[in-house]
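The structure appears right after this line, and notes come after that.
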Amino acid sequence: MRKTFFVLRMSFIATAVALGALVITGLLGISAYRQHLSDGLDASYDTYSSMVDLNSGLATIYLLPLVVGFIALVVWTRKAFEVSETVAITQSERKYTRGMTIGGWFIPIGNLFVPKRVISEIEQITSIGADPKKAGFLFKSQPLDVLGTWWWLLWVASRLVNRASSSVGSETDADGLLTADAYYQATTLSVAADVVAIASIVLGIIYLGRITRNTQIIEQANQSSAH
């Protein structure tokens, strides 16, 4: 679990850094666009164009840590589930199966909530397994970490806002430029989505780290009892 979480954390951090760069270039692009509309100079337009090109390039680069992070999260979920299966609870009371640790991510619409529910169940079970004082407790009685809820809600919200930004009108003026309103709306929404995504990533690292620590405690206890 430690190695898996290390890869997950590094990919999350890389994604957050890429998103931060997108926020900066997005804001600089807005500033340069406003300047061009004000002075009409080629220099200000060139600055705006450069920021747009840089932002597009960063958006492509951002996909790499995003994909790696997604794969790492799926693998982490699978491994965490397997550890939770060793906890002394009534496993038949679980709602989700091992297959859902992977399949849940690919269910249309369902992937907006199923993966988090699977992880929440793992969270509850591992919180019991990592604390001897909770032996015999019903895992469903365990409260969910609010950080996990916010992590997931913010990430889903960021993706929905990001999609909205790409569908904002593409109205252009006589020179072929996006109208100020269309450009500002699309870029502002994109920047807002990236800021929310960064906040989500920070919470996700903390939340998933807590579950990882619990799984490590369980793994160590299992190894000790096996010897």
Problem - Protection-proxy order for peptides 3-9, 133-139, each taking the mean of Cβ atoms within 10 Å per residue, highest first - result: 3-9, 133-139
Exercise for the section: Starting from the Cα-Cα distance between residue 34 and residue 160, subtract it from 0.36 nm times their residue separation and give me the gain in nm to one decimal. Expected result: 42.7 nm
Problem - Rounded tilt (10° steps) of 2-39 against the dominant C-alpha axis of the chain - result: 20 degrees
Fill in the blank from the handout: Helix-only [θ] at 222 nm, the chain, -39500 (n - 2.57) per DSSP H run of 4+, per residue, nearest 500, equals -27000 deg cm²/dmol
Completion exercise
A student applying the Cα gyration tensor rule (rounded when a/c is under 1.5; otherwise prolate if a/b is larger than b/c, oblate if not) would label the range 72-129 prolate
Handout entry: Cα-based helix-to-principal-axis angle, 146-167 vs the chain, degrees rounded to 10
Key = 30 degrees
Completion exercise
The answer for the net charge of residues other than residue 97 whose Cβ lies under 15 angstrom from its Cβ, with Lys and Arg +1 and Asp and Glu -1, is +1
Completion exercise
Surrounding charge for residue 148, neighbours by C-beta under 10 angstrom, Lys/Arg +1, Asp/Glu -1, total 0
Completion exercise
In the structure shown, of 95/140; 3/79; 3/95; 3/116, the pairs separated by more than 18 angstrom at the C-alpha atoms are 3/95; 3/116
Exercise for the section: Starting with the highest mean, order 119-129, 147-157, 50-60 by the number of other Cβ atoms within 10 Å, averaged over the residues of each peptide. Expected result: 119-129, 147-157, 50-60
Handout entry: Share of pairwise Cα separations in the range 27-116, more than 16 Å, in percent
Key = 69 percent
Exercise for the section: Tell me the Kirkwood hydrodynamic radius of the chain in angstroms, computed as one over the mean inverse distance between distinct C-alpha pairs. Expected result: 19.7 Å
Handout entry: Phi to ³J(HN,Hα) by Karplus 6.51 cos²θ - 1.76 cosθ + 1.60 over the range 55-63, Hz, x for Gly, Pro
Key = 4, 5, x, 5, 4, 6, 4, 4, 5
Handout entry: Ordering of 97-107, 15-25 by burial proxy (mean other Cβ atoms within 10 Å per residue, highest first)
Key = 15-25, 97-107
Handout entry: Chain lengthening between residue 153 and residue 184 when straightened (0.36 nm per residue, less Cα-Cα)
Key = 8.6 nm
Problem - Helix 114-129 axis, angle to the chain major axis (alpha carbon atoms, nearest 10°) - result: 40 degrees
Practice task
Rounding to the nearest 20 debye, state how big the charge dipole of the chain is about its Cα centre with +1 on each Lys and Arg Cβ and -1 on each Asp and Glu Cβ.
Solution key: 1540 debye
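A short reminder: the numbers here are calculations on the coordinates, not readings from a lab. Owing to the predicted nature of the structure, the values given are computational and were not obtained by experimental measurement. We place every Cβ from the backbone using ideal geometry, glycine too, and count neighbours over all the protein chains shown.
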